[in-house]
1. Among (1) at pLDDT below 95; (2) more than 17 Å from the chain's Cα centre (by Cα); (3) in the same structural domain as ARG225 (by TED's automatic domain parsing), where does MET139 come up short?
2. Residue check, ARG95 against (1) at pLDDT 95 or above; (2) out of contact with any strand residue (DSSP E or B) (no Cβ under 7 Å at 6 or more places or on another chain); (3) of a type in the set (Lys, Arg), all met but one. Which one?
3. Can you tell me which residues in segment 207-246 are at pLDDT below 95, over 19 Å from VAL272 (Cβ atoms) and surrounded by fewer than 22 Cβ atoms within 10 Å (Cβ to Cβ)?
4. Could you tell me which of the residues TYR444, TYR367, TYR396 is within 17 Å of ASN315 (Cα to Cα), out of contact with any helix residue (DSSP H, G or I) (no Cβ under 8 Å at 6 or more places or on another chain) and part of a helix (DSSP H, G or I)?
5. Go through segment 253-279 and give me each residue that's of a type in the set (A, V, I, L, M) and surrounded by fewer than 19 Cβ atoms within 10 Å (Cβ to Cβ).
6. Quickly run through segment 415-436 and pick out the residues that are in contact (Cβ under 8 Å) with a residue 24 or more places away in the chain and buried (at least 19 other Cβ atoms within 10 Å of the Cβ).
7. Within segment 377-389, does at least one residue satisfy the condition of being among the small types (Gly, Ala, Ser), surrounded by fewer than 23 Cβ atoms within 10 Å (Cβ to Cβ) and either more than 25 Å from the chain's Cα centre (by Cα) or not in a loop (DSSP other than H, G, I, E, B) (or both)?
8. Residues being aromatic (Phe, Trp, Tyr), part of a helix (DSSP H, G or I) and at pLDDT below 95: count how many of those fall in segment 284-339.
Amino acid sequence: MSMVFPRREAEAQAFLEKNPDITSIQVIWTDMCGVARGKVLRRDELVPAWKDGRFMPISALVLDITGQDVPETGLVFDEGDRDMLLWPVPESLVRIPWMPEPTAQYLASVHDLDGTPHYADPRNALEAIVKRFQTELNMTPVGAVELEFFLMDRASAIAGEPRAPKSLINEHRPQHYQAYYLQDLEDFQPFFTDLYAYCDAQGLPAKTLISEYAPGQMEIVLRHRADVLKACDEGIMLKRVIKATAEKHGMVATFMAKPYAQWTGSGMHIHVSLGDEQGNNLFATDDPTTNELMMNAVGGLKAAMAESMLIFAPNANSYRRFRRNSYAPVSASWGINNRTVSIRIPAGAANACHIEHRPSGADANPYLVMAAILAGMHYGITEKSDPGNPVVGNGYEKRAKYIPGNWFDAIDAFWRASILKEYFGKPFVDTYCTVKEVEADRFYAEPTRRDFEWYLRAV
């Protein structure tokens, strides 16, 4: 077996010397559905794992959202469920502050035994597109992840009838729209105090916190990075921190796109720009319409949006979020300082000018979302795509380029993708579509309570 990996055991050894109390370590990789999966090592296994990698079955890359194998991909039994290597992501080894036993974690990417990055690993897919920007355009993508989520009463969430939790201060339960309501933040201050402490302990650059548009809905923004791989790593880690902190305080945190029919859903907005070799913002401008590079990037994002929706909205529930006047965009549109469009150029200083990409739900895989966004931007820049005129006013009332509005249409659009297939590769597109197609078949095979309410007696 030919090993071509850079050896990183020194980083692991230094961590153990600095943390003599650590007894176990979680190895985390992210499957196509964006679920963080992993295994637990004992202390004496860490250095060998950073020197030679750690084995995992290839089937663990192509599980559906419920954790079931998807043999139809050809990556399970057809290949004998062969071993792959989990290779550590540098500088991702950190303590887990919420565990009762001294525990650490690190992120890993998935490779063939000869060192080749496997195409089905979402992190590898993103890294390949980042390298194209660097080698073909001499540009570095800069990005940040903005996550919305719901806090829920634990008992009601387990029962499948979720509702907002009671305040940790006074037991008041939020029941109304109260966007940007400071009282909600104060009512859950013990949760946020621990959350920020855990983020600091893991080096996560958590910034602005707001109470969002629905009861129990919150938003946290991560600081932008000139390394979008790290930005997405931090998005994955932040989800773990939020869920663990909620659990500590007797609540459930969910990134489900649309848990309530009557309330707005949760999005994952991606902020992105491009830097030159000196780190200057290539999108910097007082007037975005005069920045040709940015306009081409926006044009590419519009061109790729329809075939990208399966990545931005990967689950059946994802499509419940897209409603008129819901702050979730329903067409491929762009505008300046306009929250009714898919691609927004926010207000701000000229040197901070960037794109805010708004279609993705909080349930989407950050690596794949960022990869699809960068693929659209790269395509637009190389093809000199024209975005057309920006939307002025209510984007929900303007006719714009169609995007799939349901799961099946999105799967079909991704199968037939032309732009993304060139950036992700046909094997990835085929595998991802297969996972989601099988998942859809499994989801719709089981009658729901609504089926019985509507049809049992009426037909």
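1. (1)
2. The failed condition is (2).
3. Selection gives LEU209, ILE210, TYR213.
4. Numbers: TYR367 fails: out of contact with any helix residue (DSSP H, G or I) (no Cβ under 8 Å at 6 or more places or on another chain); TYR396 fails: within 17 Å of ASN315 (Cα to Cα).
Testing whether each residue is within 17 Å of ASN315 (Cα to Cα), out of contact with any helix residue (DSSP H, G or I) (no Cβ under 8 Å at 6 or more places or on another chain) and part of a helix (DSSP H, G or I) leaves just TYR444.
5. Hit for segment 253-279 is ALA261, nothing else.
6. ALA417, ILE419, LEU420, TYR423, PHE424, PHE428, THR431, TYR432, CYS433, THR434, VAL435, LYS436
7. Within segment 377-389, the first condition is being among the small types (Gly, Ala, Ser), and the residues that meet it are 380, 385, 388.
Add one more test, that the residue is surrounded by fewer than 23 Cβ atoms within 10 Å (Cβ to Cβ), and what stays is 385, 388.
Then keep just the ones that are either more than 25 Å from the chain's Cα centre (by Cα) or not in a loop (DSSP other than H, G, I, E, B) (or both); that gives 385, 388.
Yes, that holds for at least one residue.
8. Taking segment 284-339 as the starting set, the residues that turn out to be aromatic (Phe, Trp, Tyr) are 312, 319, 322, 327, 334.
Next, from what is left, pick out any that are part of a helix (DSSP H, G or I): 312, 319.
Then drop every residue that is not at pLDDT below 95, which leaves 319.
Residues in segment 284-339 being aromatic (Phe, Trp, Tyr), part of a helix (DSSP H, G or I) and at pLDDT below 95: 1 in total.
The values are calculated or read from the model by the stated rules, or taken from the named source; none is laboratory data. Computed from a predicted model, the values in this text were never measured in an experiment. Methodologically, a virtual Cβ is constructed for each residue, glycine included, from the backbone with ideal geometry; neighbour enumeration extends over all protein chains shown.
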